[in-house]
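**Q** I have a structure I would like to understand better, so I am pasting it below and will then ask my questions one at a time.
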Amino acid sequence: MHTSQAYLVSATAITSAMVGGVFYAFSTFVMAGLRRIPPETGMTSMQSINVTAVRPGLMLPFFGAMLANIAVAVSAIADWDGGVSVWLLIGSLSYVLGTFVMTAAYHVPRNNALADIQPTDPDAAAVWHRYLVEWTRGNHIRAASSLLGAVALAIALLVAQ
């Protein structure tokens with residue numbers, strides 16, 4: 001592994017882990033906390049969180065990790081090095097598919113649907129309960145995929161030495 005590729009892989013692993021940590025926090029205590037409060041309050045809180053999440057503090061590492069993981073995958077294929085490249089592809093694909101694609105295909109539609117519901121709507125409590133269960137289940141996958149990707153990239157760095 002070239003020095004520049006090692007820097008790219010290291011930064012990508014750190015950023016992927018950081019994003020995974022955010023998702024892990026949501027899965028383990030944020031959503032559990034929202035579940036404990038009245039549905040109208042929890043729903044309103046999550047609607048607000050979903051608006052504030054789409055800001056540079058989360059979006060830069062989220063999209064940055066996706067672009068960096070794509071660059072890692074391309075470099076792994078372009079400069080194929082057996083076991084190292086396999087770990088690089090496992091790590092990058094884990095993030096791109098399990099985190100980025102999962103967000104776009106699974107979480108964003110649920111967040112948009114939640115945004116369209118008024119907390120005073122007669123069906124709001126049922127919608128909120130279903131959202132909590134489905135969103136959190138999918139978020140476990142995002143957290144695990146991000147963290148798995150970071151670990152696989154770290155293994156690639158170790159194997160390359």
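**Q** Where in the stretch 21-86 are there helices (runs of 4 or more DSSP H), lying fully within it, with 2 or more residues that are open to solvent by 70 Å² or more (accessible area, probe 1.4 Å) and basic (Lys, Arg)? Before the answer, list the steps.
**A** Values: elements: 31-36, 39-53, 56-78.
So the answer is 31-36.
**Q** Which of the residues belonging to the stretch 48-76 are of a type in the set (Ser, Thr, Tyr) and free of Cβ contacts under 8 Å to residues at least 40 places away in the same chain? Steps first, answer last, please.
**A** Let us first name the residues in the stretch 48-76 that are of a type in the set (Ser, Thr, Tyr), namely 48, 52, 75.
If the condition is that a residue be of a type in the set (Ser, Thr, Tyr) and free of Cβ contacts under 8 Å to residues at least 40 places away in the same chain, then Ser48, Thr52 are the ones that fit.
**Q** Scan Leu132, Leu157, Leu148 and give me the residue that is open to solvent by 60 Å² or more (accessible area, probe 1.4 Å) and within 23 Å of the chain's Cα centre (by Cα).
**A** Details: Leu132 fails: open to solvent by 60 Å² or more (accessible area, probe 1.4 Å); Leu157 fails: open to solvent by 60 Å² or more (accessible area, probe 1.4 Å).
Step by step, each of Leu132, Leu157, Leu148 is checked, and only Leu148 is open to solvent by 60 Å² or more (accessible area, probe 1.4 Å) and within 23 Å of the chain's Cα centre (by Cα).
**Q** Here's a follow-up. Does the stretch 92-104 include one or more residues that are open to solvent by 60 Å² or more (accessible area, probe 1.4 Å), over 20 Å from Leu132 (Cα atoms), polar (S, T, N, Q) and out of contact with any Asp or Glu (no Cβ under 7 Å at 6 or more places or on another chain)?
**A** Scanning the stretch 92-104 turns up no residue that is open to solvent by 60 Å² or more (accessible area, probe 1.4 Å), over 20 Å from Leu132 (Cα atoms), polar (S, T, N, Q) and out of contact with any Asp or Glu (no Cβ under 7 Å at 6 or more places or on another chain).
**Q** Kindly establish whether Ser16 is touching a residue at least 24 places away in the same chain (Cβ under 8 Å) and under 18 Å from Gly98 (Cβ atoms). Step through it out loud before you land on a result.
**A** Details: touching a residue at least 24 places away in the same chain (Cβ under 8 Å): yes; under 18 Å from Gly98 (Cβ atoms): yes.
So Ser16 fits the description; yes.
**Q** Let me confirm something: among Asp116, Asp79, which residue is free of Cβ contacts under 8 Å to residues at least 60 places away in the same chain and of a type in the set (Asp, Glu)? Explain how you work it out, then say what you get.
**A** Details: Asp79 fails: free of Cβ contacts under 8 Å to residues at least 60 places away in the same chain.
Just one listed residue meets the conditions, Asp116.
**Q** Considering only residues that are more than 19 Å from Gly98 (Cα to Cα) and part of a helix (DSSP H, G or I), which ones fall in the stretch 1-10? Steps first, please.
**A** Restricting attention to the stretch 1-10, the residues satisfying the condition of being more than 19 Å from Gly98 (Cα to Cα) are 1-8, 10.
Hits for the stretch 1-10 are Thr3, Ser4, Gln5, Ala6, Tyr7, Leu8, Ser10.
The values are calculated or read from the model by the stated rules, or taken from the named source; none is laboratory data. Since we're looking at a predicted model, the values are computed, not measured. Virtual Cβ from ideal backbone geometry, glycine too; neighbours counted across all protein chains shown. Please note that ligands, DNA and RNA were not included when accessible areas were found on the heavy atoms of the full protein model with its side chains. Shrake-Rupley method; radii C 1.70, N 1.55, O 1.52, S 1.80 Å.
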